[in-house]
Amino acid sequence: MRYFGNNIITLVNNLLISYTDQGPVKAPVVIFIHGFPLNKTMWKKQVEVLKEDYRVIAYDIRGHGDSDTGTEDFSISLFENDLIMFMDKLGIDKASLCGLSMGGYIALNAIIYNPERFDSLVLSDTSCLADTPEARTKRLNVINTIFENGVSNYADESVKNLFAPESFTTKEAEIFSVREMIRNTNEESICCSLLALSARKETCHKLSDIDIPVLILVGEEDKITPPEVSGMMHENIKDSTLHVIQHAAHLSNMENPEEFNNQLQRFFEKVYKEQTITSTYTGNSIKSQLRYKLNILLSF
């Protein structure tokens, strides 16, 4: 049984996961994976735009938003396993993924190790690289700072790096929202996530194995995962598309949602239009082709 709406709770991998599920029942599925240390509400404007044509799901990674933390050590592999089990729980055989930053790390791992489960991939403001020794040390220092000064101070410092300079005068509501998301994430989850990010393995050597449509989006002023990194991934993923989002830094979907959403709509329209054409003409009979077309029409 499918539940519609926001802040739905389900049991996955021995913990309660909170998620949003909108859109037609039989439409293609698009799953959004948020960045660190945010939650599913960062995708609000994407869900609103896509829910007319797709079944759109955004969920809280364990330890974030309204999802349980659990007892296991955080890792990108654990987050990826949670995602696959979440899809199984909801009865989703295949979906498209859109992940930003940490969400992109999870999405890449999911595609690499479970390629048969996905139709397409959107990588936003993310990277296939592992942390350098300097970056790992910096994350450990951040953990110490959080222990000493608390999450609120960490939130205030974080937003300075997440947004483009112009956003501080044009996107005040979004900055407030992100600051609150961070402040409402418990200290344990933030620190455990930082450790998971510092220990993640590179996936760059696997990029050439990806054989589904891929869209790469990055804010033109992203200093955390800069456009050069996105360009490198684009060069290594065959038939991928790269688009730089203007007037945005690391949270490009929130800073310039109009351009971000336009790219998503064009991409998914192409992905599922091509799939429909291919599937329609691989039936064994005219009857099977008509049945397939009828199912498509009835799903909207």
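FYI, it's all coordinate maths here, none of it is from the lab. Quick caveat, the model's predicted, so the values are computed rather than measured. Backbone-built Cβ (ideal geometry, glycine too); neighbour counts: all protein chains shown.
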Elements of type strands (runs of 3 or more DSSP E) contained in the stretch 1-77, each with 1 or more residues being small (Gly, Ala, Ser) and surrounded by 24 or more Cβ atoms within 10 Å (Cβ to Cβ):
55-59
Residue that is farthest from Ser198 (Cα to Cα), among those in the stretch 109-135 that are touching a residue at least 60 places away in the same chain (Cβ under 8 Å) and among the acidic types (Asp, Glu):
Asp119
Please give the number of the condition Asn144 fails out of (1) loosely packed, with under 14 Cβ neighbours inside 10 Å; (2) in contact (Cβ under 8 Å) with a residue 12 or more places away in the chain.
(2)
Looking for whichever is of a type in the set (Ser, Thr, Tyr) and over 15 Å from Leu97 (Cα atoms) here; the options are Thr20, Thr10. Which one fits?
Thr10
Of (1) more than 29 Å from Thr241 (Cβ to Cβ); (2) surrounded by fewer than 20 Cβ atoms within 10 Å (Cβ to Cβ), Leu194 satisfies every one except (2)
Mind counting the residues in the stretch 249-268 that are touching a Gly at 6+ places or on another chain (Cβ under 6 Å) and in a helix (DSSP H, G or I)?
1
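Here is a yes/no grid of residues against (1) among the aromatic types (Phe, Trp, Tyr); (2) surrounded by fewer than 16 Cβ atoms within 10 Å (Cβ to Cβ); (3) under 21 Å from Gly150 (Cβ atoms):
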| position | (1), (2), (3) |
| --- | --- |
| Pro165 | no, yes, no |
| Thr170 | no, yes, no |
| Met181 | no, no, yes |
| Thr185 | no, no, yes |
| Glu188 | no, yes, yes |
| Arg200 | no, no, no |
| Ile212 | no, no, no |
| Pro227 | no, no, no |
| His234 | no, no, no |
